Amino acid sequence: MASIVGQQLSRYAARAIFNRFKNYFAPEKFPLSSDIIITPSEDLRKLGLSYAKIRCLKDLCEKITSKVIHLNKFSKMPDEEIINELIKVKGIGVWTAQMFLMFSLGRLNVLPVGDLGIRKGIKNLYSLRNLPDEKKIRKISKENNWHPYNSVASWYVWRSLELNKKLKIKK
């Protein structure tokens with residue numbers, strides 16, 4: 001759910017909205033799918049969620065409740081199978097599924113080739129003239145032995161962008 005909330009938001013905005021979301025239900029435990037389904041959309045909207053994200057969250061919860069998606073099996077499933085399960089939900093694409101794999105399931109070998117931050121970071125780190133495409137990112141990953149830790153390498157690429165911003169501010 002954090003991956004849905006975080007779509008197209010800064011890390012800080014996403015964290016603030018997600019914390020309000022969790023606290024709305026109960027700060028000490030995560031809400032049940034059935035709780036989210038019956039919560040009025042207007043209440044969720046007041047927490048900072050867009051209507052599109054509300055539809056996505058409710059669709060996910062309905063698919064979990066109706067056993068279309070089996071979250072309890074994810075720990076034993078390969079990454080691609082999980083992605084294929086998650087993209088059945090309205091509003092969840094490959095990027096959101098990859099963020100879920102990395103940050104919720106702690107999968108170490110996810111390479112989010114469509115992520116703009118990854119593309120910008122690789123462009124800067126490898127002194128490329130243009131943003132790299134999927135093929136170029138995979139090539140760089142392979143040439144630099146990121147596998148089986150593509151997620152870790154991706155985190156460092158993202159971090160390099162943050163450090164670049166801090167260095168530019170100080171100048």
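The values are calculated or read from the model by the stated rules, or taken from the named source; none is laboratory data. Quick caveat, the model's predicted, so the values are computed rather than measured. Cβ: placed from backbone, ideal geometry, glycine included. Neighbour counts: every protein chain shown.
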Query raised in the report: Inside the range 70-86, can you point out the residues that are at pLDDT 95 or above and part of a loop (DSSP other than H, G, I, E, B)?
Result: Met77, Pro78
Query raised in the report: So which pairs qualify, if the first residue must be in the range 73-99 and on the phi > 0 side of the Ramachandran plot, the second must be among the basic types (Lys, Arg), the Cβ gap must be under 9 Å, and the two must be at least 6 apart or on different chains?
Result: Gly91/Lys53; Gly91/Arg55
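If the requirement is being among the β-branched types (Val, Ile, Thr), surrounded by 13 or more Cβ atoms within 10 Å (Cβ to Cβ) and assigned to a loop (DSSP other than H, G, I, E, B), which of these qualifies: Val152, Val157, Val110?
Working: Val152 fails: assigned to a loop (DSSP other than H, G, I, E, B); Val157 fails: assigned to a loop (DSSP other than H, G, I, E, B).
Matching residue, one of Val152, Val157, Val110: Val110.
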Query raised in the report: Across the range 29-69, which residue is modelled with the lowest pLDDT among those that are in contact with a helix residue (DSSP H, G or I) (Cβ under 6 Å, 6 or more places away or on another chain) and not in a helix (DSSP H, G or I)?
Result: Pro31
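Would the range 58-74 turn up any residue that is crowded, with 16+ Cβ neighbours inside 10 Å and under 21 Å from Trp155 (Cβ atoms)?
Step one: list which residues in the range 58-74 are crowded, with 16+ Cβ neighbours inside 10 Å, which gives 58-64, 69, 74.
From what is left, the residues that are under 21 Å from Trp155 (Cβ atoms) are 74.
Yes: one or more hits.
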Report summary line: Checked Val157, Val152 against criteria (farther than 21 Å from Pro31 by Cα, modelled with pLDDT of 95 or more, touching a Gly at 6+ places or on another chain (Cβ under 7 Å) and of a type outside the set (Lys, Arg)); the one match is Val157
Query raised in the report: For the range 135-148, does any single residue satisfy the condition of being closer than 24 Å to Leu9 by Cβ, surrounded by fewer than 16 Cβ atoms within 10 Å (Cβ to Cβ) and free of Cβ contacts under 8 Å to residues at least 60 places away in the same chain?
Result: no
